[in-house]
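Throughout, read-outs are computed from the coordinates displayed, never taken from laboratory work. All figures in this text were calculated on a predicted structure; none of them were measured in a lab. Cβ placement follows ideal geometry from the backbone for every residue including glycine, while neighbour counts extend to all protein chains displayed.
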Amino acid sequence: MRAAVRLAAWVYAIAIYGFIFLPVVVLVLFSLQATSFPIPPFTGPSLRWYQAVLSDARLTSALLNSLLVAVLSSLVSVTLGFLSAWGFARFVLPGSAILRGLITLPLTVSYLIIGMGLLVLFNWAGVPKSLLAAGIGHVVINLPLCFAIIYSQMGDHQINIERAARDLGAAEWKVLLMIAVPVMAPAIFAGFFLSMTFSWDEFVISFLLTRFETTLPVEIWNLLRSGLNPKTNAVGSLVFAVSIVLVVFFELTLLRRKPA
Amino acid sequence: MSAPLVDIRSVSHRFGQLAVLKSVSLAIEPGSYTILLGPSGSGKTTLLSILGGFVTPSEGKVFIRGADCTALPPAKRPTTTVFQDYALFPHMSVGGNVGFGLRMQGVDGATRAAKAREALALVGLAAAFDKKPHQLSGGQRQRVALARALVIEPAVLLLDEPLGALDLKLRRQMQDELKAIQKRVGTAFIHVTHDQEEAMALADHCVVMNEGRIEDEGPPERVYARPATRFSATFMGESTILVGTVTEAKNGTVTAMTALGPISLPGVSPADATVALAIRPEHLFFGEAKGNVTLGMAKVGDVVFQGSFKRVLATSTLDPALQFIAKAPASAAIQAGDTIPVSCQAQDIILLAD
């Protein structure tokens, strides 16, 4: 009886994980296909489609665009997120709780709504569709995230550390750069890597806000319109690999517990 | 007399509706070790924060070396603080921590390292220069915090319950070291604590605080032997308190009517005033009359052997609300349940206005 329950538990677990990961496994597997269609039977392994991706100028430039947008928008998000978290944690502000709620609110709004809103706003303000516009969109979605991560890690213990620095003669900007930032470094890096992850494979906002130069997810979508081929699998696998690396960095920085 | 190093003039402070300091004035002499002693909520930590520049008082002024520092930020005033939780910079080495204040003053790296090593040697931690704070024990972190605050040669060093986080043995040991370091560097130390033993051991000048006011201040010997108020008689050491009304006061002798009958003692007081008579535990005698003031009979409630003496709690048979707290010799044959006479010497009774 007990053996049966255990067996059932295993079957259930395998089914669940299979349900979650099988699409990814299939995607990666058929990116290694040697023939022209990403359908069974498997004819690989072969790296010919990866080669095709890397020699496709449109895809590589989209990849670089994506990296650029991800790095810059994440830097801006984490900087603004850190400053606002520090402000909320260290100063008594009128309506602090409401303002904190407002700053994290975009987390609950769909990317489609944010993208459309920005499209209308940029149209009205005369900002052309561009990578910059998409980057701004990514800051809108990632700033609340960075804020929430960094704010949650700002304890009262650090208040005295900052006070000590001021007491020893440090000007306010030195307190920020030499004390607050290094002390909060794990949360700051975690915010940065998570922002990178989200920006890296974000589609809707980039789709709405870019035109000629665009990001990798949008370019993949363009590719998919002409039908499935192992090249899309290969580029998708690349996107996935980069995301995995970023998430691992995120987990390492946030979850690594330093001895007090 | 020269001007005091620190001059606090009628400082009041309130947090919202709550008045935590009520017109406090205090002068601190150069090179002195001052202890602010009081229970939590007495305002002692707020007063220290005002001296450090972390809190600007609602009213009053603070002068340090004759200069008005009331609203000066911490970075600009000649004080440094040793925080209760040490507040070491976790990402810097011990040497980096101690050198931080000098770095802010623009001192070059080599001089900074030399001075930091010197300060670490002063606190007995010369070997820890390259370690990180998390590699040190609580007592060692405390020393690093002390070295970090002392290295920039402040006029006043402020210590916020510096020994509070240490265990008892380490606390007594650090206490002796603090005093030795203070004597060596000659900087004025102002130290906040609620531990009266710490206060008596360390202070040149002891300031007893309660509910936002200074109850008493002076050398700890004087504050203990002749406390100015009923609060300081009970907070700085223990006392048995007798409440009475003055019936006669002349020729330097006061006679007060108490629940135990009239008691005469040397002192001056207006007639008909309500007074409190405080008697220190070591001044109470149990057994056949040894003192010239008899205090009736008492039923012994509790005898606690404490090594060199026995701590005795007894209830007066004349007034069940009155508890005698006494120190009896370790050899005294007193047992719980005994009913014995109590007495003391008239000159040992402390006369306090109630």
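Table for the structure above
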item	result
Under the span-like rule (Cα at least 24 Å along the axis, Kyte-Doolittle mean at least 0.5), DSSP H helices of chain A	A:2-31, A:57-90, A:131-152, A:230-255
Percent RCO, i.e. relative contact order, over segment B:238-353, from Cα pairs under 8 Å lying at least 6 residues apart	30 percent
Ranked A:Trp200, A:Trp221, criterion: other C-beta atoms within 10 Å, fewest first	A:Trp221, A:Trp200
For the protein assembly as shown: rounded, prolate or oblate by the Cα gyration tensor [a/c cutoff 1.5]	prolate
R0 of 60 Å, Cβ-Cβ distance A:Ile20-A:Arg90: FRET efficiency to nearest 0.05	0.90
Straight-distance crosslink candidates among lysines, where the alpha carbon sits under 16 Å from B:Lys327 and sequence neighbours closer than 8 are dropped	B:Lys290, B:Lys299, B:Lys310
Candidates B:Ala165, B:Ala332, B:Ala249, ranked by Gaussian network fluctuation over chain B, Cα under 10 Å, top entry	B:Ala332
Cβ-Cβ FRET estimate between A:Val127 and A:Asp56, R0 fixed at 30 Å, reported to 0.05	0.55
Approximate spin-label separation B:Ala110-B:Gln306, in nm, with each point projected 7 Å along Cα-to-Cβ	5.8 nm
Cα-based helix-to-principal-axis angle, B:168-185 vs chain B, degrees rounded to 10	60 degrees
Span from the segment A:103-172 Cα centroid across to the segment B:244-291 one, whole angstrom	72 Å
Partners for B:Lys132 among lysines (Cα-Cα distance below 24 Å; same-chain residues under 8 apart left out)	A:Lys174, A:Lys258, B:Lys115
Environment charge at B:Arg226 (Cβ cut-off 15 Å; Lys +1, Arg +1, Asp -1, Glu -1)	-3
Modelled label reach - A:Ile113, point 7 Å along Cα→Cβ, segment A:122-155 residues with backbone N closer than 15 Å	A:141
Lysines whose Cα lies under 20 Å from that of B:Lys61, excluding same-chain neighbours fewer than 8 positions away	B:Lys22, B:Lys44, B:Lys76
Shielding by other protein chains, B:72-82, mean Cβ within 10 Å	4
Packing-based ranking, highest mean first, of B:215-228, A:104-117, B:76-89 given that Cβ atoms within 10 Å are counted	B:76-89, B:215-228, A:104-117
Shielding by partners, peptide A:156-162 (average Cβ within 10 angstrom, other chains)	4
For residues of B:86-93, the mean tally of beta carbons on other chains within 10 Å	6
In degrees, nearest ten, helix B:109-122 long axis to first principal axis of chain B (Cα)	20 degrees
Within a Gaussian network of chain A (alpha carbon springs, distance under 10 Å), most fluctuating of A:Leu80, A:Leu54, A:Leu177	A:Leu177
Separation of alpha-carbon centers, segment B:314-354 and segment B:4-66, rounded to whole Å	38 Å
Chain B - percent relative contact order, Cα under 8 Å, separation 6 or more	15 percent
Whole-number percent relative contact order across segment A:56-255, with pairs defined as alpha carbons under 8 Å at least 6 apart	34 percent
Among B:Leu72, B:Leu125, B:Leu168: highest mean-square fluctuation, GNM of chain B, C-alpha pairs under 10 Å	B:Leu168
Cα long-axis angle, helix B:138-150 against chain B (0 to 90 degrees, to the nearest 10)	70 degrees
